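Participant: Have a look at this one before I ask anything.
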């Protein structure tokens with residue numbers, strides 16, 4: 001068999017016996033590393049090779065989608081009945097596209113949100129899907145991502161009534177109920193290839209749930225650091241979960257201070273080479289420099305704020321065993337194949353604005369614990385919670401380690417979440433009557449758990465809003481989307497964002513500037529949480545609001561009529577000011593100091609800003625406000641890179657961002673033609689460039705380079721790679 005597999009794990013055998021390869025819908029609830037991915041691969045190949053079908057694999061995160069795409073590449077050597085090889089494609093970005101090119105692929109890996117976007121664009125090839133794999137299906141329970149997954153599954157089952165659904169999860173409390181909704185068989189198993197020992201650390205002793213116990217050496221005052229260090233000393237790897245990106249980075253620094261002392265000279269030399277790869281793989285930032293320094297000590301952090309190239313390097317190094325300790329936010333627990341001998345859950349509580357600290361769910365803890373145990377390396381994996389006193393140790397043992405995961409509940413019936421899905425149902429021609437809309441949502445998990453009557457009131461309110469705001473219209477007895485409603489749905493924005501943008505463009509301020517547009521996008525609900533001003537900032541930002549009143553699309557609310565709305569408005573303006581400082585090339589350090597914005601928040605604001613500026617540009621064109629298009633387009637490029645206008649030509653080069661773009665520009669290389677005329681040595685000796693990146697740049701722009709120069713660089717790179725493989 002492909003990959004040398006001669007025998008199935010027990011959970012895999014059970015799924016085959018339950019009819020997974022016969023086209024039956026199936027829910028598989030099985031621990032991490034028990035072989036769920038292989039079941040999905042076998043089902044996909046069955047559909048493609050024997051039935052001439054097409055399979056879609058849904059992943060909750062882009063990083064997980066990329067990992068699965070790499071996994072499926074091993075099957076591209078197989079031939080279909082027509083003699084053509086199996087084609088595997090991936091699409092996770094650009095929500096404003098139907099990606100017709102995906103139609104030529106047999107297996108498509110995508111995220112839940114991208115699949116929803118493709119359905120909104122009514123991509124024709126989706127009618128050919130015969131199998132959908134829903135990975136991490138327990139995320140139906142998550143308020144943000146769950147409703148999208150629920151709607152995607154309901155839509156695919158509506159579009160393709162004969163579609164096979166394979167739903168995968170490690171932990172769920174009501175597998176039977178989810179299987180009932182999907183009209184599926186289900187398999188529940190506790191089998192793992194590596195035994196999992198769960199315990200609580202109190203001071204210097206771990207008490208396991210099976211009654212076993214062991215002592216650890218306490219070298220520092222931080223228990224998570226001590227656990228990680230003890231693991232490294234016994235040639236293991238540790239995965240430490242921190243509650244926030246900021247905590248992950250700071251904890252990694254404490255760990256690296258200790259692990260760096262335990263590395264051999266050869267290991268340090270190898271890791272220094274990998275640290276240099278991080279510095280040259282993407283744009284130089286404060287975050288990337290910090291990450292590179294930590295990698296040189298055998299530790300790293302991992303979260304959604306990292307550049308994709310950096311995440312890939314970190315994940316590969318951890319799999320190879322070169323990074324000894326990885327500190328991550330809980331999102332890493334969503335299926336990423338990064339097992340460790342020991343998993344440490346540093347904090348079992350989370351903070352939410354307005355709620356304070358609250359305990360995480362058992363389900364979330366079990367997801368993190370499931371990362372423990374490296375197949376082929378460890379006989380046991382250990383998942384450890386940290387207690388500060390005996391009472392807390394008892395609480396953790398009873399309420400997490402000995403507890404069962406909670407039931408999964410639909411989170412669909414929230415008006416803010418449901419608005420876009422109701423609009424898409426009409427705009428994408430899934431229904432054209434009020435009853436048709438109700439019928440579709442009657443097939444959701446929410447309707448299965450409760451009653452469609454419970455959601456009807458919310459849907460009716462949304463339909464009224466969409467009709468009143470002219471996103472929908474009634475033609476005789478049929479509902480249709482207006483051009484604005486259809487475009488809003490395709491752009492994957494909240495209908496309220498579309499209305500906000502429309503009203504702003506109808507009532508333009510006397511002067512339109514970069515700040516005008518940046519504030520407009522931060523005023524939409526799609527921007528997400530804005531950066532609320534701290535006490536001493538309130539008056540400063542209020543003054544800015546008054547000074548820029550003639551530029552802003554949305555005037556400030558009266559402070560005395562609605563204090564909360566006024567504070568929210570100042571938060572929106574502060575977020576716009578952060579983006580404005582970003583495109584003026586203010587350093588990350590200064591941004592953090594001045595606005596108290598963390599790298600992860602800055603990354604989120606930038607990504608959402610790019611998406612929303614594209615939406616504004618598209619809607620401006622639709623509303624005959626095309627004169628704004630050049631300014632918006634230029635602004636989007638600048639937000640993407642964090643640069644002044646003068647750097648736009650040079651940052652088109654791969655590997656050149658705001659820092660290196662400024663270095664090149666200030667050295668006199670202001671256009672691609674300028675760079676083409678430069679020698680390799682000219683570029684190599686510029687700050688932050690170096691030989692590897694200089695070679696990469698010259699390969700892009702062309703220009704004359706002596707043969708011996710290429711050979712010299714190639715030999716250096718070959719020597720480095722050989723040294724790495726020997727290690």
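Participant: Being assigned by TED's automatic domain parsing to the domain that holds residue 636, surrounded by fewer than 20 Cβ atoms within 10 Å (Cβ to Cβ) and in contact (Cβ under 8 Å) with a residue 40 or more places away in the chain is the requirement here; does residue 534 meet it?
Facilitator: In short, yes.
Participant: Still on this structure, please answer the following. So which residues in region 55-94 are in contact with a strand residue (DSSP E or B) (Cβ under 8 Å, 6 or more places away or on another chain) and in a loop (DSSP other than H, G, I, E, B)?
Facilitator: Passing the criteria: 60, 61, 76, 77, 78, 86, 87, 92.
Participant: Run down 662, 692, 670 and say which single residue is under 24 Å from residue 285 (Cβ atoms) and modelled with pLDDT under 85. Full working, then the answer.
Facilitator: Working: 662 fails: modelled with pLDDT under 85; 670 fails: modelled with pLDDT under 85.
Checking each option against the conditions leaves just 692.
Participant: Out of 403, 393, 424, which single residue is assigned to a helix (DSSP H, G or I), touching a residue at least 40 places away in the same chain (Cβ under 8 Å) and farther than 30 Å from residue 525 by Cβ? Give the derivation first.
Facilitator: Details: 403 fails: assigned to a helix (DSSP H, G or I); 424 fails: farther than 30 Å from residue 525 by Cβ.
Only one candidate passes the filter, namely 393.
Participant: Which residue out of 466, 518, 472 is in contact with a helix residue (DSSP H, G or I) (Cβ under 9 Å, 6 or more places away or on another chain), assigned by TED's automatic domain parsing to the domain that holds residue 623 and under 25 Å from residue 554 (Cβ atoms)? Outline the logic, then answer.
Facilitator: Details: 466 fails: assigned by TED's automatic domain parsing to the domain that holds residue 623; 472 fails: assigned by TED's automatic domain parsing to the domain that holds residue 623.
When all the criteria are applied, what remains is 518.
Participant: Ok, one more. How many residues does region 406-421 contain that are assigned to a helix (DSSP H, G or I) and surrounded by 15 or more Cβ atoms within 10 Å (Cβ to Cβ)?
Facilitator: Going through region 406-421, the residues assigned to a helix (DSSP H, G or I) turn out to be 415-421.
Retained after the next criterion (residues that are surrounded by 15 or more Cβ atoms within 10 Å (Cβ to Cβ)): 417-421.
Qualifying residue count, region 406-421: 5.
Participant: For region 310-326, check the following and say yes or no: at least one residue is under 21 Å from residue 605 (Cβ atoms) and at pLDDT 80 or above. Walk me through it before giving the result.
Facilitator: Start the filter on region 310-326 by keeping residues that are under 21 Å from residue 605 (Cβ atoms), which leaves 310-311.
From what is left, the residues that are at pLDDT 80 or above are 310-311.
Yes; the residues of region 310-326 include at least one that is under 21 Å from residue 605 (Cβ atoms) and at pLDDT 80 or above.
Participant: Moving to a separate point now. Give me the residue from region 1-38 that is assigned to a helix (DSSP H, G or I) and touching a strand residue (DSSP E or B) at 6+ places or on another chain (Cβ under 6 Å) and, out of that set, surrounded by the fewest Cβ atoms within 10 Å (Cβ to Cβ).
Facilitator: Pass one, region 1-38, residues assigned to a helix (DSSP H, G or I): 2-4, 10-17, 20-22, 36-38.
Next, from what is left, pick out any that are touching a strand residue (DSSP E or B) at 6+ places or on another chain (Cβ under 6 Å): 14-15, 20, 36.
Details: 14: 19, 15: 31, 20: 23, 36: 25.
Checking each candidate, the answer is 14.
Participant: Could you please give the count of residues in region 124-135 that are crowded, with 24+ Cβ neighbours inside 10 Å and outside any strand (DSSP E or B)?
Facilitator: 1
Participant: So which of 474, 515 is free of Cβ contacts under 8 Å to residues at least 12 places away in the same chain and either within 12 Å of residue 423 (Cα to Cα) or outside any loop (DSSP other than H, G, I, E, B) (or both)? So that I can check it myself, show each step before the final result.
Facilitator: Numbers: 515 fails: free of Cβ contacts under 8 Å to residues at least 12 places away in the same chain.
Just a single option satisfies the conditions, and that option is 474.
Participant: Just give me the residues in region 679-693 being surrounded by fewer than 21 Cβ atoms within 10 Å (Cβ to Cβ) and part of a helix (DSSP H, G or I), in sequence order.
Facilitator: Restricting attention to region 679-693, the residues satisfying the condition of being surrounded by fewer than 21 Cβ atoms within 10 Å (Cβ to Cβ) are 679-682, 684-688, 690-692.
Those that are surrounded by fewer than 21 Cβ atoms within 10 Å (Cβ to Cβ) and part of a helix (DSSP H, G or I): 680, 681, 682, 684, 690, 691, 692.
Conditions (1) modelled with pLDDT under 95; (2) surrounded by fewer than 18 Cβ atoms within 10 Å (Cβ to Cβ); (3) in contact with a helix residue (DSSP H, G or I) (Cβ under 6 Å, 6 or more places away or on another chain), marked per residue:
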| position | (1), (2), (3) |
| --- | --- |
| 600 | yes, no, yes |
| 603 | yes, no, no |
| 612 | no, no, yes |
| 630 | yes, yes, no |
| 639 | no, no, yes |
| 649 | yes, yes, no |
| 652 | yes, yes, no |
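Participant: Within 14 Å of residue 201 (Cα to Cα) and in a helix (DSSP H, G or I): does that describe residue 383?
Facilitator: Details: within 14 Å of residue 201 (Cα to Cα): yes; in a helix (DSSP H, G or I): no.
So residue 383 fails the test.
Participant: Just one of (1) more than 16 Å from residue 139 (Cα to Cα); (2) in contact (Cβ under 8 Å) with a residue 24 or more places away in the chain; (3) part of a helix (DSSP H, G or I) trips up residue 398, so point out which.
Facilitator: (2)
Participant: Do we find a residue being on the phi > 0 side of the Ramachandran plot, over 20 Å from the mean Cα position of the chain (by Cα) and in a loop (DSSP other than H, G, I, E, B) anywhere in region 116-123?
Facilitator: In the first step, residues of region 116-123 are kept if they are on the phi > 0 side of the Ramachandran plot; the result is 122.
From the residues that got through so far, the ones that are over 20 Å from the mean Cα position of the chain (by Cα) too are 122.
Within this subset, residues satisfying the condition of being in a loop (DSSP other than H, G, I, E, B) are 122.
Within region 116-123 (the criterion being on the phi > 0 side of the Ramachandran plot, over 20 Å from the mean Cα position of the chain (by Cα) and in a loop (DSSP other than H, G, I, E, B)), the answer is yes, since at least one residue qualifies.
Participant: Residue check, residue 52 against (1) without any contact (Cβ under 8 Å) to a residue 40 or more places away in the chain; (2) surrounded by fewer than 22 Cβ atoms within 10 Å (Cβ to Cβ); (3) in a helix (DSSP H, G or I), all met but one. Which one?
Facilitator: The one condition residue 52 does not meet is (3).
Participant: Next question. Give region 600-637 a look and list any residue that's closer than 20 Å to residue 511 by Cα and in contact (Cβ under 8 Å) with a residue 40 or more places away in the chain, or say none.
Facilitator: Taking region 600-637 as the starting set, the residues that turn out to be closer than 20 Å to residue 511 by Cα are 613, 616-617, 619-621, 623-636.
Selection gives 613, 616, 619, 620, 623, 625, 628, 631, 632, 635.
The values are calculated or read from the model by the stated rules, or taken from the named source; none is laboratory data. Computed from a predicted structure; not experimentally measured. In this analysis, Cβ positions are derived from the backbone assuming ideal geometry, glycine residues included, and neighbour counts consider all displayed protein chains.
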